[in-house]
Amino acid sequence: MLRFLVTMMVTLAVAIIIAGAALTAYVVPGLPDIETLRDVQMQVPLHIYTSDGSLIAEFGEKRRDPINIADVPPLLVKAFVAAEDDRFFQHPGVDWQGIARAALNLAITGEKTQGGSTITMQVARNFFLSREKSYVRKLNEIFLALKIEQELSKDEIMELYLNKIYLGQRAYGIGAAARVYYGASVGELNLAQMAMIAGLPKAPSTTNPITSLPRAMQRREYVLRRMLDLGFLKDAEYQAASTAPSTASLHAADIDVEAPYVAEAVRKEIIDRFGEPAYEAGYRVFTTIRNRNQLAANQALRKALLDYDERHGFRGAERHFDLQPAPGGPEQWAAWLEGFETIAGQRPALVTQISDQTATVFLSGDGTMEVPWTGLQWARKHVSENQRGPAPKTAGEILQPGDVIRVRTAEDGTWRLSQLPAVEGALVSMRPDDGAVYALVGGFDFARSKFNRALQAQRQPGSSFKPFIYSAALESGFTAASMVNDAPVVFDDAGIEDSWRPENYSGKYYGPTRLREALTHSRNLVSIRLMHTMGVAPVIGHLARFGFDPASLPHSLSLALGTGAMTPFKLATAYCVFANGGFRIEPFLIDRIEALDGRILYKAVPLTVCRECEQESAASAPAAEPVAVQTVAAATADARAPPQEPGAGSTAPSPLPVAPSGLPIAPRTVDAENIWIMNSMTRDVIRFGTGRRALELNRSDLSGKTGTTNDQRDAWFAGFNPAITTVAWVGFDMFDPLGGLETGSRAALPMWIDYMRVALEDIPEQILPRPPGLVNVRIDSRTGATAGAGSSDVVFEVFRAGTAPAASAADGATPAVGTDPESRDSAEQLF
């Protein structure tokens, strides 16, 4: 009998050895290479930053913040060991005791369970295997775990585990979990928080502190008790953590700078370039956006739209709840407000009581507040874009108890009645020398409307387009002193049905007017007569030098009034040519893209203005596209002659020269004299014309132009100095009129001013260097002719050499030309 038992045991042992060898021979060759774990690519979201390194947005289904094991608090490691695998640092990757328990359970119940799964086995499963419960998968898991332990250290295995494990709320890894549940780094977690996170892997949905707090607290207690039993904690530490309340709450990505319109534009560009895997590749995209500029742009746009909205009256409560017969209480009021979100700082509030000139309102989270009369008296009833009701005298004329309204914090710290504006706007700001976008806002609030008006809204620029027409006029032989008759005119324009009778905004006409004065005061008839004299095609050819697509512009005289639809971004790009002295740049929003390991995947190489390089680059830069521009004499001789087609005779461009900085040099497309004169004229728009509001910035280097379209459907201001170009736009998405008084100066210019006040801080005043080919001449402001001894209204005007007007026949005077510095200063003061 003894011999039989020995024989059986030996036979069984041999059978086990043979079976083990067979299994090893069958399974091991098919196991993946463990070395790949050393270079594993964690699925990390796409992050977008400002140029200052502040987070704008995070995109990706999985939240993950990979962390080095050296940065993980030892107590957090012990919490996971206590919860998941208390023999992690002793076993070889497989806990045979746990497997024995699982086998015993199978024998007793007949059910397969997840038993004896060590942290190493979870790493094997999470990186290489499916979550299917089967004998084959378990076998592969065991062999993989043993192989992992042979090739990786315990610290390496633990690091992989802590970065990979799913912990609920789309958080993968402890770094993301610490951010999502506590808004902290792993190093900032306390013991109770560590235990809460360590308890999540078993059932991240049913033991989640956000969705299942009672179960989460039970699981936390289990982890703390295990840590105490294993000697990881002292009794006092256990007691303090065990009685601590839960502090978990859902934290979104820690956004530093609000720029959702920028983020969405960049996201689309990244996905177009890299595809869907970019959401998990951990790319870090650094934009050209500047923190201070973007914040100022957000505030300026919202203030402008809210101010416009208040000017046109109160449209009433968003909803009304009946407070009678029982007024309810804070819990009921909070429930009523649950469906109303705070939008761009406009908080939903329930009116609970009205007194003579005060409203008491309830705000979720803050309780009841008082809205004083100073925050209510603006709310005359909205009738139409041109009409409001009478001024209210009591709060009861505006609101009733039960009304759901919006309130915001006023400048003096009190509450102010508000409403979500129906009007929209956009702001774009760029660096003129290379097109780097400093700030971009595409609407009042991205959550309310994702339509990016800065990049997508095709709107007529109105009079803000006139400087381009005037630049074409200077190129064709006109001067800033040329006289054009501001008088009624009727055109039979082939591009317009019936006869066209354009008018000035004021409805008045001023007779012969110098071009400088006409642009300063935005005289429509002068612009139209200019374009009629030059010819449509030559003007459109000149506009191409600013980056406009001739095919997208109307080939009719109405173009002189800015009827060609374009985005604010496009208009800002074109204005950069004025701001930088005549060079064509291509705007860009992405500065560089970094991989998760810090490698540079992309770096912008923008066309850059290099004024000191201009003489050297003139020989090698591609010639500006030849543009046929009629001279004044030729146009006058035959105004109806068919114009030449732009671009005739152009040659293939040669490679762009490179500046000492290594960046390609932006080609000159408009000559320096033309640009300098135009900038002088547009500075007068701010000094004396429709842009006078901007004088409050107390700077003498600002140029710009207002823009207002028919029926005030669009309001613009485009302005610049050599350091920054900014365009502001206001309008309705459905092209409704803004109101009879809502010109570019009133609706859009305040937005521009508020932004530029911040953007220009610490930037010294500067005007582009004056080209050598310009002269200053004393002229008669009434005639535009060179002033003589008998002239009474004399001003200095700037001309290209050889283009100064002749002396008036009545005066017979000799032209007074000044080219010395003193003469230039005098001219600048008088312009």
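Points worth noting:
- The Stokes-Einstein estimate for segment 182-294, based on a Kirkwood radius over Cα pairs and taken at 25 °C with 0.890 mPa s viscosity, is a diffusion coefficient of 142 µm²/s.
- Reachable aspartates and glutamates from LYS393, criterion Cα separation under 12 angstrom, eight or more residues apart if same chain: ASP356
- Between LEU695 and GLN766, the modelled label-to-label distance comes to 2.7 nm, taking each label 7 Å out from Cα in the direction of the beta carbon.
- Label-to-label distance, nm, for residues given as ALA551 and LEU213 (7 Å Cα→Cβ offset): 6.2
- When ARG267, ARG388 are compared by accessible area at a 1.4 angstrom probe, the order from most to least is ARG388, ARG267.
- Segment ASP155-ARG687, length gained on full extension (0.36 nm per residue, minus Cα span): 184.6 nm
- Ligands, DNA and RNA aside, ASP736 has an accessible area near 80 Å² when probed at 1.4 Å.
- Net length available on complete extension from TYR509 to ALA240 is 88.4 nm, with 0.36 nm assigned per residue and the Cα-Cα distance removed.
- Among 472-479, 508-515, sorting by the average number of other beta carbon atoms lying within 10 angstrom of each residue, highest first, gives 472-479, 508-515.
- Angstrom value of the Kirkwood radius, inverse mean 1/r, which spans all Cα pairs in segment 388-490: 19.6
- Separation of the alpha carbons by more than 23 angstrom is noted, of LYS570/LYS705; LYS603/LYS705; LYS78/LYS154; LYS303/LYS466; LYS508/LYS705, for LYS603/LYS705; LYS303/LYS466.
- In nm, spacing of pseudo-spin labels at ARG319 and VAL605 (7 Å Cα→C-beta vector): 5.6
- Extension reserve of the ARG273-ALA203 stretch, reckoned as 0.36 nm per residue once the Cα distance is removed: 21.4 nm
- For segment 367-412, the extents of the C-alpha atoms along the principal axes are 36, 26, 18 Å, listed from largest to smallest.
- Dipole magnitude of segment 397-469 about its Cα centre (Cβ charges: Lys, Arg +1; Asp, Glu -1), debye to nearest 20: 280
- Estimated FRET transfer efficiency when R0 is 41 angstrom, pair GLN400-HIS251 (beta carbons, to 0.05): 0.60
- Per-residue surface analysis assigns TRP378 an accessible area of about 30 Å², computed on protein heavy atoms at 1.4 Å probe radius.
- From largest to smallest, the equivalent ellipsoid semi-axes obtained for segment 669-774 from the alpha-carbon gyration tensor read 27, 16, 11 Å.
- Farthest towards the positive end of the charge dipole of segment 282-394, among the residues GLY339, VAL285, LEU350, is the Cα of VAL285, using unit charges on the Cβ of Lys, Arg, Asp and Glu.
The values are calculated or read from the model by the stated rules, or taken from the named source; none is laboratory data. The structure presented is a predicted model; accordingly, all values stated were derived computationally and were not measured. Using ideal geometry, Cβ is built from the backbone for each residue, glycine included, and neighbour counts are taken over all protein chains shown. For the accessible areas, the whole protein counts, side chains as well, though only heavy atoms, and no ligand, DNA or RNA atoms are used. Shrake-Rupley method; radii C 1.70, N 1.55, O 1.52, S 1.80 Å.
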